[in-house]
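Structure, as structure tokens:
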Amino acid sequence: ACTGIENIDEAITLLEQNNWDLVAAINGVIPQENGILQSEYGGETLHGPAYGPTSHSTAASSTPSSSSAFRHVVPSRQIVERQPRMLDFRVEYRDRNVDVVLEDSSTVGDIKHILENELQIPASKMLLKGWKTGDVDDSTVLKTLHLPKNNSLYVLTPDLPPPSSSHSGALQESLNQNFMLIITHREVQREYNLNFSGSSTIQEVKRNVYDLTSIPVRHQLWEGWPPSATDDSMTLAVSGLTFPCHRLTVGRRSSPVQTREQSEEQCTDVHMVSDSDGDDFEDATEFGVDDGEMFGVASSALRKSPMMPENAENEGDALLQFTAEFSSRYGDCHPVYFIGSLEAAFQEAFYGKARDRKLLAIYLHHDESVLTNVFCSQMLCAESIVSYLSQNFITWAWDMTKEANRARFLTMCTRHFGSVVAQTIRTQKTDQFPLFLIIMGKRSSNEVLNVIQGNTTVDELMMRLMAAMEIFSAQQQEDIKDEDEREARENVKREQDEAYRISLEADRAKREAQEREMAEQFRLEQIRKEQEEEREAIRLSLEQSLPPEPKEESTESVSKLRIRTPSGEFFERRFLASSKLQVVFDFVASKGYPWEEYKLLGTFPRRDVTQLDPNKSLLEVKLYPQETLFLEAKE
């Protein structure tokens, strides 16, 4: 607004050359003479050096590339009239986007009248939404809203019928689809396959790529976006991406000072360069500067949304709002804040394996401190600080602006760090904020290594972070050594326990096998006894059923049989010649040789008597008057 420089790269380079001193950077590119500048902000006259011709500036000669940005102003002792500021609005209504360009002296009603002609919707039916300062009425002058050059709004028409169901259904289906983006990082030749829903915006894709590649969104140079993807707030579903897979390429945009013509030539394709030069100071809050600060208006007066809701029930939800608000104020290049309670942050930082532990950095924000904006924009969002914190720290944040949130953190601080640390933070004055607490986890307690106040520099902040990291690294090496020794002892104990368990298993298996063997022997012995008892019972029964042995002087024909056992013993008995052969079999069985197991053989001629009909008499089978028989076990 002061210098007319519209190239963000050029502005950033000039700020870096002046160590981010805004006044020095402006004075370096604007020649000065004695004169009076009439300010339109507040209507007062500013006495001092006025803007003079470019030929009088010695500082400008050191930055020749910025000469194209100089505006010729009236020499000293004259009143400089402010040129009308043009504002660009992109207004979204259902499936249409309308671009509106107006002077900042126009009203909100003027925008509605232009939209009435473009959209064919009565102005009285429109609700114009998307204002950063909340709802406004038609008579509000745009200048009073302190808007950036580029703005995005949307129109609601609750009194008008919705679009056709077929179109809504198709759009809803596209929003629910998942897009596979194959993104190639040009410098390292690495490829990432990322899945996004159709409702994700292009800006969300670029932020995710920043997390992967460490290329800030404003430095990303893209190739492959379709021509219809003209706005980072556009969803992937309506951006024209190829479904289901689309290829993109990203690289880092070089940052040396360029001439106005080179810059415009490079940025003609808005799809290839993130954050075009035409955005002017829309992203100025990304570098810690906003419109309110540039014209002497306190930034806190312009911001309506608090960093953190008061009396939030859930710390995770409070941190989500903190992260979103921090990004909107200071840009996307900032530390990755842990989303969750302080206890969960402790668990993440301190209670893993020794090799995975990190320091815990607690950032305490305060909107009413004069140091907050500079600390956040110039130090906390510096790429070196962000990178170092992400690699070595778990970063947790809290907003101390509201008294309820302040009291809540002091209670947490007393519980986790003790009353001394809580009292130290309680006695800090508002202008000493923001604070940066470096916490190291120990075996029995959590130790606060450092309390860094907001009045510091990037180098000093980095030095103190590195000093804390050195202390932590020494402690971490001891913890790793102790953990390795403990794991070695536990491994030995586990091996011993495993060997003992295997030995017990072997002993138990051996004992069970012996028990099974004994049980089997006992069972077989029982069966054998039962069989013997059964055979003995059968033998006694047969012995009792035998007819009495006839006497030698019997008048009836008597046959005398002599039977030899397999063991060589003999036993004899007399039978009536009329007795059946079965009686001989029963007699032999009563002696323990059942005819089912033994066969009875005759001698001359050799024959198997057991094959004969047992109902025939001894006389009929020619076992009369006497015969010698042999018992032989059947095969």
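Projected onto planes of every orientation and averaged, the convex hull of the alpha-carbon atoms in the stretch 444-536 covers 11.5 nm². Backbone amide hydrogens, once placed in the peptide plane, bring Arg607 within less than 5 Å of Gly602, excluding anything fewer than 5 places away on its chain. Per-peptide packing, taken as the mean over residues of other Cβ atoms within 10 Å, places 589-599, 542-552 in the sequence 589-599, 542-552 from highest down. Here the stretch 480-572 is assigned +1 on the Cβ of each Lys and Arg and -1 on the Cβ of each Asp and Glu. Its dipole about the Cα centre then comes out at about 260 debye.
Applying Stokes-Einstein at 10 °C and 1.306 mPa s to the Kirkwood radius of the stretch 171-252, computed over alpha-carbon pairs, gives a translational diffusion coefficient of 126 µm² s⁻¹.
Between the stretch 481-495 and the stretch 190-220, the C-alpha centres lie 43 angstrom from each other. Of the chymotrypsin sites (Phe, Trp or Tyr not before Pro) found in the stretch 310-358, those in coil by DSSP whose Cβ has at most 16 other Cβ atoms within 10 Å are Tyr351. Packing-based ranking of 89-96, 562-569 yields 89-96, 562-569, ordered from highest to lowest mean Cβ neighbour count within 10 Å.
Each label was represented as a point 7 Å from its Cα along the Cα-to-Cβ direction; for Gln582 and Ser557 these points are 2.1 nm apart. What separates the Cα centres of the stretch 569-619 and the stretch 512-533 is a distance of 35 Å. Of interest is the spacing of the C-alpha centroids, which for the stretch 442-477 and the stretch 342-400 amounts to 11 Å. Across all directions, the average projected area of the convex hull around the alpha carbons of the stretch 86-156 is 4.1 nm².
For the stretch 171-252, a crude dipole built from +1 on the beta carbon of Lys and Arg and -1 on the beta carbon of Asp and Glu, taken about the Cα centre, is about 240 debye to the nearest 20. Placing unit charges on the Cβ atoms only, positive for Lys and Arg and negative for Asp and Glu, gives the stretch 318-481 a dipole magnitude near 560 debye about its Cα centre.
Bear in mind that the values in this text are calculations on the coordinates, not laboratory data. These numbers come from a predicted model, not from an experiment. We place every Cβ from the backbone using ideal geometry, glycine too, and count neighbours over all the protein chains shown.
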